[in-house]
Amino acid sequence: MKRPTISDLAREAGVSVSTVNRILSGATNVKASTAQHIQRTAEKIGFYGLGSIEDQIKKNAPHYRLGFLLQQSTRELYQHFGREITKACRNRQFDTADPLIDFVDLLTPENISQRLLALGRNCDAVALIAADHPQIGQTIRALSEMGKPVVAYITDQSSPERAAFVGTDNWKLGRTAAFLISQMTNDHGRIGVFQGNPRYQCQDVAEASFRSYIREHAPHLSVDECRSTNEEPNRAHEMVRDLLKSTDEIVGIFMVGGGISGVLRALREVPIERRRGVKLICRDIGPETRKGLSEGLITAALCHPMEHTSEVLVQTMIDAVANDGPRSTVHHTVPFEIITPENI
């Protein structure tokens, strides 16, 4: 067959021959949307100069420096977040996004605020995972006034100056956890609930909706007062160990925050018959969670789909940078995944 020519490409794409020539020559006066449309058309018809078009689009693409303030560098979960964010930045086709990822181990509001401000000064936009605190809210406001949009990631912030939130629907997540436990528990019993910090909105909302579902659909089950682990596995281990020692009525555990390795250690310390009677639901997946699922200690993990969530986060940050005027906070809800021992 005859090889498609520049004229063929222009006709198929509905543009002039000169527009195609400008892209091939590296001209910068072609709209990005038009260039992308021509690139897709060139791919469709098998145009011989597709590689040149892609190279020129990439060369003239906008460049962004994006900052990400994650937590606890020692936790594999956050390292996984960081790797997926880096991959999402590197895989962008029509712009260049350079990720600057920082991990915070000292989780005080003062330290997070200082690190967030420093990151924001060196980036076009920043995303953070952090507890909701007035001091952090003031920093978000300061960055917004500097023209540096801040996107809340995984857990939302109450600051009205935040540009967007990217994460799951935590109300649905909590009710799903309660549904799973109640469907697998017919007898009367108690459910222990553990969170990392009540200032994490994602955890607080999920805990509230968990209780809401149990009240509505499983009145034969009682939910204990929520305990805070401060995201520390050793503390989680002590709390769950003491709870299991104090009563035989525990039939479920909802681990809505960090410290899952401590919970699993406590379950491994009790007889097999006892641990089989405890249904454990947790959030997000790392090596410890995978191990717990493979052992049958974890009933289900309710997780962010890492790849998709990271892609949405990066796109949301770039959209926030491109937005010139004031606008309402954007919410991008990413459906969570349900991982069980049978589909891990």
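For (1) farther than 20 Å from GLU342 by Cβ; (2) open to solvent by 60 Å² or more (accessible area, probe 1.4 Å); (3) of a type in the set (Ser, Thr, Tyr), each residue gets a yes or a no:
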position	(1), (2), (3)
ALA266	yes, no, no
ARG276	no, yes, no
CYS282	no, no, no
LYS291	no, yes, no
GLY296	no, no, no
ALA300	no, no, no
CYS303	no, no, no
Kindly establish whether LEU9 is under 30 Å from LEU119 (Cβ atoms), open to solvent by less than 40 Å² (accessible area, probe 1.4 Å) and not basic (Lys, Arg). no
Report, ordered by the first and then the second residue, all pairs with beta carbons closer than 9 Å, sequence separation of six or more or different chains, a first member in region 107-134 that is acidic (Asp, Glu), and a second member that is assigned to a helix (DSSP H, G or I) and open to solvent by 50 Å² or more (accessible area, probe 1.4 Å). GLU110/GLN135; ASP132/GLN201; ASP132/ASP204
Pairs please, first residue from region 274-293 and in a strand (DSSP E or B), second anywhere and aromatic (Phe, Trp, Tyr) and open to solvent by less than 10 Å² (accessible area, probe 1.4 Å), Cβ atoms under 6 Å, 6+ apart in sequence or on different chains. ILE281/PHE254
Since ARG283 meets every condition but one in (1) modelled with pLDDT of 95 or more; (2) more than 18 Å from ASN186 (Cβ to Cβ); (3) among the basic types (Lys, Arg), which condition does it not meet? (1)
May I ask you to list the residues in region 203-225 that are open to solvent by 30 Å² or more (accessible area, probe 1.4 Å), part of a helix (DSSP H, G or I) and of a type in the set (D, E, K, R)? ASP204, ARG211, ARG215, GLU216
Which one is nearest to the chain's Cα centre (by Cα) among residues in region 88-124 that are closer than 28 Å to LYS58 by Cβ and of a type in the set (A, V, I, L, M, F, W, C)? ALA88
Leading residue by the ranking (farthest from THR155 (Cα to Cα)) among those in region 248-264 that are of a type in the set (Gly, Ala, Ser) and open to solvent by less than 10 Å² (accessible area, probe 1.4 Å): GLY252
Among the residues of region 234-256, write down those that are assigned to a helix (DSSP H, G or I) and of a type in the set (Val, Ile, Thr). VAL240
Can you name the condition, by its number, that HIS63 falls short on among (1) open to solvent by 40 Å² or more (accessible area, probe 1.4 Å); (2) under 22 Å from the mean Cα position of the chain (by Cα)? (2)
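Residue-wise test of (1) within 12 Å of the chain's Cα centre (by Cα); (2) β-branched (Val, Ile, Thr).
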residue	(1), (2)
ARG275	no, no
VAL278	no, yes
ALA300	no, no
GLU311	yes, no
VAL314	yes, yes
ASP319	no, no
VAL330	no, yes
VAL334	yes, yes
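The values are calculated or read from the model by the stated rules, or taken from the named source; none is laboratory data. Keep in mind that what you see is a predicted model, and the values were worked out from it rather than measured. With ideal geometry, Cβ positions are generated from the backbone for all residues, glycine too; neighbour counts draw on all protein chains shown. Heavy atoms of the whole protein, side chains included, go into the accessibility calculation; ligands, DNA and RNA do not. Shrake-Rupley method; radii C 1.70, N 1.55, O 1.52, S 1.80 Å.
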